[in-house]
Amino acid sequence: MLSTYQLTAGYGAVPVLFDVEIEIRASESVAIIGANGAGKSTLVRTICGLLPTMAGCIEKEGRSIETLAAHGRAGLGIAVVLEGRHLFGELSLESNLRIAEAQGRKRKDVRFDFSFDDVLDLFPFMRARLDAPVGVFSGGEQQMVAIGRALLLKPDLLILDEPSTGLAPKVVREIVQVIQGLRRRGMSLLIIEQHVGVAAECSDRAYVLALGRVVDQLEPDRWHNRATTDDLAKAYLGG
Ligand code: ATP
């Protein structure tokens with residue numbers, strides 16, 4: 001589905017990711033974990049085309065995409081929910097969703113055909129709030145809007161950057177359930193998480209990023225073993 005090879009990227013002339021090699025197979029959910037500043041968000045931004053690739057390449061289904069702009073990559077089915085969500089705060093919920101719906105309609109032969117109503121079914125609170133500006137929504141509600149909007153782009157790879165950060169435990173549970181539902185439907189997912197427990201619940205396997213490099217790769221048996229994840233949290237995430 002998507003692979004990076006010797007991917008180097010950063011800001012200006014300064015690299016902060018070095019030779020990163022990850023792979024997300026079709027219908028697989030992969031987590032990236034790592035401490036603050038490890039380079040997780042930089043990796044997301046580079047994969048979705050918001051930052052240029054300095055060296056190496058990114059392939060989606062065998063096609064090099066590192067020279068495509070972000071909208072070109074979205075057109076190939078890569079959708080991202082960035083940290084901070086980047087919603088149109090003054091526009092209504094309906095407008096936020098309709099803008100994405102219009103973009104998603106341009107995609108042909110999609111595997112996951114989410115409609116406006118499907119998104120409302122996934123997040124029922126939205127039905128009564130369609131006219132409200134999303135800027136007044138709670139953090140959890142905004143995260144759900146950001147996920148709904150990404151789904152309307154009809155992606156086959158959904159990238160979620162820190163979906164649980166700053167949210168109340170009850171809201172995190174709701175978001176985890178939605179992510180698990182997407183996994184069951186076979187959507188490919190890349191999940192960036194500092195919370196190892198949440199990451200493990202939402203993914204099949206994981207990569208550990210430290211100082212811009214992949215320092216460990218956890219296959220399902222290790223990744224879903226509580227002792228391993230406790231050790232990882234101590235080694236890389238400060239407890
Ligand atoms: P966090 O969990 O805190 O978001 P992260 O693992 O996502 O951390 P990045 O945000 O990718 O890490 O940051 C990786 C490195 O790149 C850090 O050293 C950071 O200071 C640097 N960096 C991030 N954004 C910029 C920027 N806009 N300009 C310059 N350097 C940046």
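Close contacts from segment 94-107, counting a first residue that is among the acidic types (D, E) and a second that is surrounded by fewer than 22 Cβ atoms within 10 Å (Cβ to Cβ), with Cβ to Cβ under 7 Å and a gap of 6+ residues or different chains, come to E94/L130; E94/D131; E101/F116.
Residues in segment 30-53 that are among the small types (G, A, S) and within 15 Å of the ligand (Cβ to nearest atom): A31, G34, A35, G37, A38, G39, S41. Does V196 satisfy being over 24 Å from T42 (Cβ atoms) and either surrounded by fewer than 16 Cβ atoms within 10 Å (Cβ to Cβ) or out of contact with any His (no Cβ under 8 Å at 6 or more places or on another chain) (or both)? It is false that V196 is over 24 Å from T42 (Cβ atoms) and either surrounded by fewer than 16 Cβ atoms within 10 Å (Cβ to Cβ) or out of contact with any His (no Cβ under 8 Å at 6 or more places or on another chain) (or both). Residues in segment 52-63: is at least one among the hydroxyl-bearing types (S, T, Y), surrounded by 16 or more Cβ atoms within 10 Å (Cβ to Cβ) and within 30 Å of H224 (Cα to Cα)? No, segment 52-63 contains no residue that is among the hydroxyl-bearing types (S, T, Y), surrounded by 16 or more Cβ atoms within 10 Å (Cβ to Cβ) and within 30 Å of H224 (Cα to Cα). The residues in segment 118-168 that are surrounded by 14 or more Cβ atoms within 10 Å (Cβ to Cβ), assigned to a helix (DSSP H, G or I) and touching a residue at least 40 places away in the same chain (Cβ under 8 Å) can be counted, and the count is 12. When segment 191-215 is filtered for residues that are part of a strand (DSSP E or B), within 14 Å of N225 (Cβ to Cβ) and not basic (K, R), only A206 remains. Got at least one residue in segment 54-66 being of a type in the set (S, T, N, Q) and within 16 Å of the ligand (Cβ to nearest atom)? No, there is no match, as no residue in segment 54-66 is of a type in the set (S, T, N, Q) and within 16 Å of the ligand (Cβ to nearest atom). Determine if segment 145-165 includes at least one residue that is farther than 22 Å from L50 by Cβ and out of contact with any strand residue (DSSP E or B) (no Cβ under 7 Å at 6 or more places or on another chain). The answer is no; no qualifying residue exists.
Here, each number is a calculation from the coordinates, and none is a lab measurement. No experiment lies behind these values; they were computed from the predicted model shown. Cβ sites come from the backbone with ideal geometry, for glycine too, and all protein chains shown count toward neighbours.
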